Amino acid sequence: MKKLPLVSIIAVCYNHAKYVIETLESIKNQTYSNIELIIMDDCSTDNSVEVIKLWIKKTNYPCRLIAHQENQGLCKTLNEALRLIKGEYYQGLACDDVILKEKIKTQVKLFKELKDEYAVIYSDAYLMNDKSQLYYGNFIQRYKPKILEVPYGNIYQELINTNFIPAMSVLIKTDLVRKIDGYDEKLTYEDYDLWLRLAKNYKFYFSNYKSCKYRIHDNNMHTSSKFDEVSTINTFYIFKKHIGNSIARRKVINSIYKMYKNGNYLAHKNEIILIKINNPYSKYIKRDISFKNYSRIKRIKSFLKFKFL
């Protein structure tokens, strides 16, 4: 009988003591048998490490726990794990989310049916609260409501406009991520930039079912009070890397315009990131760095000759 391909799961924990057992149990309960589990704790300040050690002792599930003594950040932590894993495919999973028991088996089977040009398989996700109760709707519908039909195949143009991929739903070919040098450690959040770099050269397959559950609670990224600001700064950096694309340029300028108009972001943070963006409209940004009057942004609008969304 042919041996199943090894799948590595990187479970990343940061102050997830309340949820980590449910996450680890969802991995243990996978119907796919050939799984390598590496648990990365990025210097949690709660008792996450103790909870994980007790779970390992109780279940005797084969895994490796790496507990950082200093916080490294998500991208650096994932790169460390990427150097260690041995799987043909891998999945990253935050230790407050859950994967359904057929997820890995279903996605490995799909990979075997797809052509080699496919690098990523993804799906939609259920939404749940801190008590594991399901919300109405799904991840893509909630966070990207303008998407009427989820794209697959060559999706770079769609991705450059918005990140619609639930990170916990993804299974990836390990060698292709290593080929593009893994995660960009300059970023706070890992997934969007990785999807873009993969999508430039490879195809993505959307599997039309829900393979996982994304937890909404007070401390995760989509509900954090700092998320909008940090996410926007990350987005500016990402689009700097992809700035040659016209859709990317429009997206950046539109974000700047909304930032001015709504007054949601700290001026000094905006100054730092905007000064670093080298592009055709940088002279306008540097000239008007005081951020006193967003009407000046209209000059950038005129310069680029497009309408704001």
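Considering only region 100-119, how many residues are farther than 23 Å from K2 by Cα and buried (at least 24 other Cβ atoms within 10 Å of the Cβ)?
Residues flagged as farther than 23 Å from K2 by Cα and buried (at least 24 other Cβ atoms within 10 Å of the Cβ) within region 100-119 amount to 0.
A quick yes/no check of all residues on (1) surrounded by 13 or more Cβ atoms within 10 Å (Cβ to Cβ); (2) in contact with a Phe, Trp or Tyr (Cβ under 7 Å, 6 or more places away or on another chain):
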{"position": "V49", "(1), (2)": "yes, no"}
{"position": "I52", "(1), (2)": "yes, no"}
{"position": "K58", "(1), (2)": "no, no"}
{"position": "G73", "(1), (2)": "yes, no"}
{"position": "E88", "(1), (2)": "yes, no"}
{"position": "D97", "(1), (2)": "yes, yes"}
{"position": "D124", "(1), (2)": "yes, yes"}
{"position": "L159", "(1), (2)": "yes, yes"}
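Considering only residues that are under 20 Å from W195 (Cα atoms) and in contact with a strand residue (DSSP E or B) (Cβ under 6 Å, 6 or more places away or on another chain), look in region 131-141 and name the one that is surrounded by the fewest Cβ atoms within 10 Å (Cβ to Cβ).
Here the answer is I140.
Does region 82-105 contain at least one residue that is under 27 Å from Y202 (Cα atoms), in the same structural domain as Y14 (by TED's automatic domain parsing), of a type in the set (A, V, I, L, M) and in contact with a Gly (Cβ under 8 Å, 6 or more places away or on another chain)?
Checked against the condition, which is being under 27 Å from Y202 (Cα atoms), in the same structural domain as Y14 (by TED's automatic domain parsing), of a type in the set (A, V, I, L, M) and in contact with a Gly (Cβ under 8 Å, 6 or more places away or on another chain), region 82-105 yields at least one hit.
Mind checking which helices (runs of 4 or more DSSP H) fall wholly inside region 123-238 and carry at least 1 residues that are modelled with pLDDT of 95 or more?
Result: 174-179, 191-199.
Kindly establish whether A11 is of a type in the set (A, V, I, L, M) and touching a Gly at 6+ places or on another chain (Cβ under 9 Å).
Taking the combined requirement at face value, the residue satisfies it.
The values are calculated or read from the model by the stated rules, or taken from the named source; none is laboratory data. Not measured: the values here are computed from a predicted model. Cβ atoms come from the backbone with ideal geometry, glycine included; neighbour counts cover every protein chain shown.
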